[in-house]
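Report on one structure; see the data block that follows.
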Amino acid sequence: MRRLIIVGALGAGLGLLGIPRLLEDPERERLAEENHRLQAEQETLRRVVDRLTGERRVAQLLVVDQQTMPAGTVETTIKFQEVDRDENPLPMRVFRIASDVIYFDALLIKFEEQYDGESDLLRSKSLVLFRRIFGESQTPEDGFAIDPERRIPDVYRAANAPSDYEQRLWDRFWSYATDPAAAQEAGVRVAQGEAVYNRFEKGQFWVLTLENDGGLNLLRHDIPAVVAEHLLTSTPSTTSP
């Protein structure tokens, strides 16, 4: 009888030891769910911040020469170079512009944030196609052509091989700009022309960036003197309008 009582007491004790585990499992699950929720909220916030603040370099330029002409006008020579989406440099071109104030004219497409169609990979992004460069004393029509219209820019192809969708974007750009229904169907929020400009001096280095959910920015950067000297003394042929 005493042995049975002892065994019963031990069983009861072991049962009591299991009670905290039964209570612990729901609490552990609740904490795990809460942690998962917080991580999801942090990821959502990160995406919002990335969309609002993300930008990428799309072109860069160096002012290699600047001269005052007999008539008192200024002639500025720049090296202009677009970069691809991995920031690899594309072929460099040189433009001689009759001004020290230079405009960079582009076509810009901004996509809807909520769209699950063909442009899903481009959602909340912006695409740019540079049209021309011109000086303050020139008309835009007299400027230098950069990317031919209706050709997919190398900078912003969504895949290594351009898709039919991307080709249609640039083929129908002006339709999206003037037809809200066509733009909505393609997931395009804004299609418009945009130009940035500034006053330039010899030896300056500038970068053109495109915000993920915004427009073009033109920013000046400092470069080491030895690099600037090398770039300034190796000037390829000048592009004509």
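The values are calculated or read from the model by the stated rules, or taken from the named source; none is laboratory data. Because the structure is a prediction, the values reported are computed rather than measured. Note that we place each Cβ from the backbone using ideal geometry, even for glycine, and neighbour counts take in every protein chain shown.
The conditions of being closer than 30 Å to Lys110 by Cβ and at pLDDT 50 or above are met by Leu62.
Does Arg56 qualify as being out of contact with any Cys (no Cβ under 7 Å at 6 or more places or on another chain), modelled with pLDDT under 85, in a strand (DSSP E or B) and not polar (S, T, N, Q)? Yes: the conditions hold for Arg56. Only one entry of Ala177, Ala181 meets the criterion of being assigned to a helix (DSSP H, G or I), modelled with pLDDT of 90 or more and more than 22 Å from Phe95 (Cβ to Cβ), and that entry is Ala181.
The residues of region 192-230 that are surrounded by 16 or more Cβ atoms within 10 Å (Cβ to Cβ) and at pLDDT below 90, listed by number, are Leu210, Glu211, Asn212, Asp213, Gly214, Gly215, Ala228.
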